[in-house]
Amino acid sequence: MTVDAPARWRLARAAVLAAVFVCAACGLVYELALVALGSYLIGDTVGQASIVLGVMVFAMGVGALAAKPLQSRAAAAFAAVELLLALLGGLSVLGLYAAFAWLDLYGPALVATAFVLGLLIGAEIPLLMVLLQRIREQAAGSAVADLFAADYVGALLGGLAFPFLLLPIFGQLKGALVVGAVNAAAGVVLVFTVFRRELSRRARVGLTAGSIAVALCLGYAWLTAQDFEVTARQQLYRDPVVHAERSRYQEIVLTRSVAEPGRTGTTDLRLFLNGDLQFSSVDEYRYHEALVHPALNGPRGEVLVLGAGDGLAVRELLRYPDVRRITVVDLDPAVVALARAEPQLRRLNAGAFDDPRVRVVHADAFGWLRTATDRFDAVVVDLPDPDETATAKLYTVEFYALVEGVLAEGGRLVVQAGSPYFAPRSYWSIEASLREAGFAVTPYHVDVPSFGDWGFLLAAAGTTPPTLALPSGAPALRFLDADTLAAAGAFPADRRRVDVPASTLLRPRVLEYARAEWRGY
């Protein structure tokens, strides 16, 4: 059975447009993978996205120009570009993670990787345009419309596949390898089927050898990916990693050591989220006693906790029999699941989440507060530091105004606010944001060896700052007593108030301050 020429042209044209579709999806996945990795490792989502997209778009223009001399051998050149793009794109996450873990060259490596990938992606469309026109000559406008329609729809597929398919199933490292394999297959299959006659014998041999080499490299990387990730991750932490997972929102790592200086036999369990220390079991009681107990010096029947998925703040709240209900709003179910299941962490939080008084809600704190109708006697805000775009909104005037809306009359609010010594502008900007939201604020700080000098802000609605004192009926504490708490309200000359403006959603100053002040620590 023979196929007439128009039918052959339609099939060949459909194959080219399908390759455009797949290559566009793969290209966008590479971009998103670089942005996501930078967000996990560096924390600056906006900055990482700006660098990656800016460099890649610029490089795509350069790549389109660089493809001009290749148009006479468009079929072989396109296959070679796709093989190289598949290899570099597939290994990009692995290479950048290695640069971050061992070489401390993440920034330059990111720029170089984004440029090379953009260069190769930019060369695709001119070569595909030539191939499309070789099937059957058509008006330039129609050819461009067809190519870009397939390209943009493919980009949509890649944009949706990355967060909802590749990351949940394969993770970042293996997800990039899968996309690299698909990318290589799309280019090679198109050229060896539709345009095989345009290939010289030397080109066919070279592309076959290249395809085998790329397949072997990606396959080897797939087989060793798990061992590589474990080794690279351990390089980032002082103590042995005993648990690591990447949830939908963050990387969660637990380390454990028995080599604490001066504490022979004492195990130090540490929780890190996206590389930032959340607590050390050796001294976490100092932090959590200082955070929780001053806020309970008043009504405390209904308590709201924002963050604190490790259960340690909840443990302190449960020491008061007259606390009737605790509502915990934490974004990441994986953190709470770890706090429930990991034996040492469960011992540390005293099984807090098993208490019938505790209700856990997995939601973004900002969004949850906008629709909340309950009122609480005390609100404990124990959220990650405002050094990322996603968390900076939780330290703004607008956020604290929402908190004020769920605070019962006479209620108190306490906020962990970072270090008034290492990050004074961040600390006092949070205090200014609370005041602008209508709170009277009492600042205080304590020494937590794992963190250094650490600050909190106790607040109440109105104009009278709340008294810094332990509540009546407070249990015996390991660190905090009346004298220590009284001293916590005093700030020495080098840690006194810094006059800085409040932080808002449209002007997140606290993010600027946190990034500048914590750089180098």
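Quick notes on this structure:
- Within region 203-256, the set of residues being in contact with a strand residue (DSSP E or B) (Cβ under 6 Å, 6 or more places away or on another chain), in a loop (DSSP other than H, G, I, E, B) and among the charged types (D, E, K, R) comprises just one member, ASP239.
- Flag for PHE58 being over 26 Å from CYS217 (Cα atoms), of a type outside the set (Ser, Thr, Tyr), in a helix (DSSP H, G or I) and more than 25 Å from the chain's Cα centre (by Cα): yes
- Complete set of residues in region 475-521 that are within 30 Å of LEU318 (Cα to Cα) and out of contact with any helix residue (DSSP H, G or I) (no Cβ under 6 Å at 6 or more places or on another chain): PRO475, ALA476, ASP481, ALA482, ASP483, THR484, LEU485, ALA486, ALA487, ALA488, GLY489, ALA490
- One residue alone among SER92, SER50 is among the hydroxyl-bearing types (Ser, Thr, Tyr), under 30 Å from VAL510 (Cα atoms) and in a helix (DSSP H, G or I), and that residue is SER50.
- Set side by side, the residues GLN133, GLN138 differ, and just one is open to solvent by less than 70 Å² (accessible area, probe 1.4 Å), of a type outside the set (Phe, Trp, Tyr) and not in a helix (DSSP H, G or I), which is GLN138.
- Qualifying residue in region 261-271 (condition: open to solvent by 30 Å² or more (accessible area, probe 1.4 Å), at pLDDT 90 or above and under 21 Å from the mean Cα position of the chain (by Cα)): yes
- Hey, GLU302 open to solvent by 20 Å² or more (accessible area, probe 1.4 Å), within 30 Å of LEU413 (Cβ to Cβ) and more than 18 Å from the chain's Cα centre (by Cα) or not: yes
- Of the residues making up region 49-68, those that are open to solvent by 60 Å² or more (accessible area, probe 1.4 Å) and not hydrophobic (A, V, I, L, M, F, W, C) are SER50, LYS68.
- Residues that are closer than 17 Å to ILE121 by Cβ and of a type outside the set (A, V, I, L, M, F, W, C), drawn from region 72-94: GLU82, GLY89, GLY90, SER92
- Flag if ALA12 is within 30 Å of GLN138 (Cα to Cα) and open to solvent by less than 40 Å² (accessible area, probe 1.4 Å): yes
- Candidates are the residues of region 466-521 that are free of Cβ contacts under 8 Å to residues at least 60 places away in the same chain and charged (D, E, K, R); the one that is surrounded by the most Cβ atoms within 10 Å (Cβ to Cβ) is GLU512.
- Taken as a whole, the condition of being over 31 Å from the mean Cα position of the chain (by Cα), modelled with pLDDT of 95 or more and either open to solvent by 40 Å² or more (accessible area, probe 1.4 Å) or over 30 Å from VAL335 (Cα atoms) (or both) does not apply to VAL214.
- The residues of region 444-466 that are of a type in the set (Ser, Thr, Tyr) and in contact with a Gly (Cβ under 9 Å, 6 or more places away or on another chain) amount to a single one, TYR444.
- Pairs meeting the criteria (first residue in region 300-319 and assigned to a helix (DSSP H, G or I), second residue open to solvent by 10 Å² or more (accessible area, probe 1.4 Å) and among the basic types (Lys, Arg), beta carbons under 9 Å, at least 6 apart or on different chains) are LEU317/ARG300; LEU317/ARG357.
- Residue match in region 114-126 (condition: within 20 Å of VAL52 (Cα to Cα), in a helix (DSSP H, G or I) and within 20 Å of the chain's Cα centre (by Cα)): yes
- Residues of region 323-330 include none that is in contact (Cβ under 8 Å) with a residue 40 or more places away in the chain and either open to solvent by 10 Å² or more (accessible area, probe 1.4 Å) or touching a Pro at 6+ places or on another chain (Cβ under 6 Å) (or both).
- Any hit, region 189-202, residues being closer than 24 Å to VAL57 by Cβ, in contact (Cβ under 8 Å) with a residue 40 or more places away in the chain and surrounded by fewer than 19 Cβ atoms within 10 Å (Cβ to Cβ): no
Rundown of residues vs (1) surrounded by fewer than 19 Cβ atoms within 10 Å (Cβ to Cβ); (2) at pLDDT below 95, yes/no style:
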{"position": "LEU70", "(1), (2)": "yes, yes"}
{"position": "ARG73", "(1), (2)": "yes, yes"}
{"position": "GLU82", "(1), (2)": "no, no"}
{"position": "ALA86", "(1), (2)": "no, no"}
{"position": "SER92", "(1), (2)": "no, no"}
{"position": "TYR97", "(1), (2)": "no, yes"}
{"position": "PRO108", "(1), (2)": "yes, yes"}
{"position": "ALA112", "(1), (2)": "yes, no"}
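- Qualifying residue in region 157-171 (condition: free of Cβ contacts under 8 Å to residues at least 24 places away in the same chain and either open to solvent by less than 80 Å² (accessible area, probe 1.4 Å) or more than 22 Å from the chain's Cα centre (by Cα) (or both)): yes
- Any hit, region 394-413, residues being under 17 Å from PHE451 (Cβ atoms), in contact with a strand residue (DSSP E or B) (Cβ under 7 Å, 6 or more places away or on another chain) and either open to solvent by less than 20 Å² (accessible area, probe 1.4 Å) or not polar (S, T, N, Q) (or both): no
- Taken over region 379-422, the criterion of being under 27 Å from GLN48 (Cβ atoms), aliphatic (A, V, I, L, M) and over 22 Å from the mean Cα position of the chain (by Cα) is satisfied by VAL397 alone.
The values are calculated or read from the model by the stated rules, or taken from the named source; none is laboratory data. These numbers were taken from a predicted model, which means no experiment stands behind them. Please note: Cβ atoms are built from the backbone with ideal geometry, for glycine as well, and neighbour counts cover all protein chains shown. The accessibility values were calculated without ligands, DNA or RNA, using every heavy atom of the protein model including side chains. Shrake-Rupley method; radii C 1.70, N 1.55, O 1.52, S 1.80 Å.
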